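The values are calculated or read from the model by the stated rules, or taken from the named source; none is laboratory data. If you're wondering where the values come from, they're calculated on a predicted model, not measured in any experiment. Every residue, glycine as well, gets a Cβ built from its backbone with ideal geometry; the counts of neighbours run over all protein chains shown.
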Amino acid sequence: MAEIGFYHLTRTGPDQALPQLLGRTLASGERAVVRVGSEERLEALDAALWLVAEPDWLPHGSSRTGDADLQPIWLTTEDPGPEGAPNGARFLFLIDGTTSARLDAFARVFDLFDGADPEAVEAARARWAAAKEAGHTLAYWQQTPRGWERKR
């Protein structure tokens with residue numbers, strides 16, 4: 001079973017929160033897969049990650065750049081298949097309301113959702129209920145003026 005953290009974005013969007021979480025992932029020696037909702041979103045995130053100021057470098061790639069095994073961060077619109085993450089990642093990041101049928105293939109899953117969007121909040125609640133029913137370990141994090149605060 002995976003440890004799934006639900007990240008309730010109340011102060012920033014995923015483009016601001018994701019780089020910090022990815023930086024911590026790389027600093028801990030882990031690799032990540034980031035699943036996004038569309039090819040357009042993937043292209044925008046790809047460009048944004050090269051320009052982020054903090055952390056100063058987030059090496060990443062996608063199917064367009066190839067060499068998944070060399071990429072610490074892999075951007076994709078696809079759910080990792082039965083063979084697992086193409087870059088060997090143990091951490092999965094879900095943004096744009098994406099889901100995965102392979103949550104248990106990862107040690108940690110980060111589900112980032114927009115707290116200003118009522119539909120996104122309701123969809124996150126449904127994902128929480130499904131993950132709880134499946135027996136995953138769950139945590140709920142919310143942005144506060146002082147940073148991330150664990151609420152449950």
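Details
- Test: residue in the stretch 89-102 that is hydroxyl-bearing (Ser, Thr, Tyr) and under 23 Å from Trp57 (Cα atoms): no
- Among the residues making up the stretch 26-72, those that are of a type outside the set (A, V, I, L, M, F, W, C), loosely packed, with under 13 Cβ neighbours inside 10 Å and in a loop (DSSP other than H, G, I, E, B) are Ser28, Gly29, Ser38, Glu54, Asp56, Pro59, Arg64, Gly66, Asp67.
- Exclusive hit being under 19 Å from Ala68 (Cβ atoms) and over 12 Å from the mean Cα position of the chain (by Cα), set Ala101, Ala107: Ala107
- Given (1) more than 12 Å from Val34 (Cα to Cα); (2) surrounded by fewer than 20 Cβ atoms within 10 Å (Cβ to Cβ), number of the condition Asp79 does not satisfy: (1)
- Scope the stretch 1-20; condition within 17 Å of Lys151 (Cβ to Cβ) and in contact with a Gly (Cβ under 9 Å, 6 or more places away or on another chain); matching residues: His8, Leu9, Thr10, Arg11
- Some residue of the stretch 18-25 being surrounded by 18 or more Cβ atoms within 10 Å (Cβ to Cβ), polar (S, T, N, Q) and part of a helix (DSSP H, G or I): yes
- Filtered residues of the stretch 7-17 (kept if hydroxyl-bearing (Ser, Thr, Tyr) and not in a loop (DSSP other than H, G, I, E, B)): Tyr7
- Any chance Thr98 is at pLDDT 95 or above, crowded, with 20+ Cβ neighbours inside 10 Å and part of a loop (DSSP other than H, G, I, E, B): yes
- Filtered residues of the stretch 115-152 (kept if of a type in the set (A, V, I, L, M), in a strand (DSSP E or B) and in contact with a helix residue (DSSP H, G or I) (Cβ under 8 Å, 6 or more places away or on another chain)): Leu138
- Restricting attention to the stretch 107-133, the residues being modelled with pLDDT of 95 or more and either aliphatic (A, V, I, L, M) or surrounded by fewer than 13 Cβ atoms within 10 Å (Cβ to Cβ) (or both) number 17.
- Screening Asp104 on (1) of a type outside the set (Phe, Trp, Tyr); (2) surrounded by fewer than 19 Cβ atoms within 10 Å (Cβ to Cβ); (3) modelled with pLDDT of 95 or more shows it passes everything except condition (3).
- Within the stretch 86-106, the residues that satisfy the criterion of being aliphatic (A, V, I, L, M), touching a strand residue (DSSP E or B) at 6+ places or on another chain (Cβ under 7 Å) and over 11 Å from Arg35 (Cα atoms) are Ala89, Leu103, Ala105.
- A single member of Gln20, Gln16 is at pLDDT below 95, within 12 Å of the chain's Cα centre (by Cα) and within 18 Å of Phe113 (Cα to Cα), and it is Gln20.
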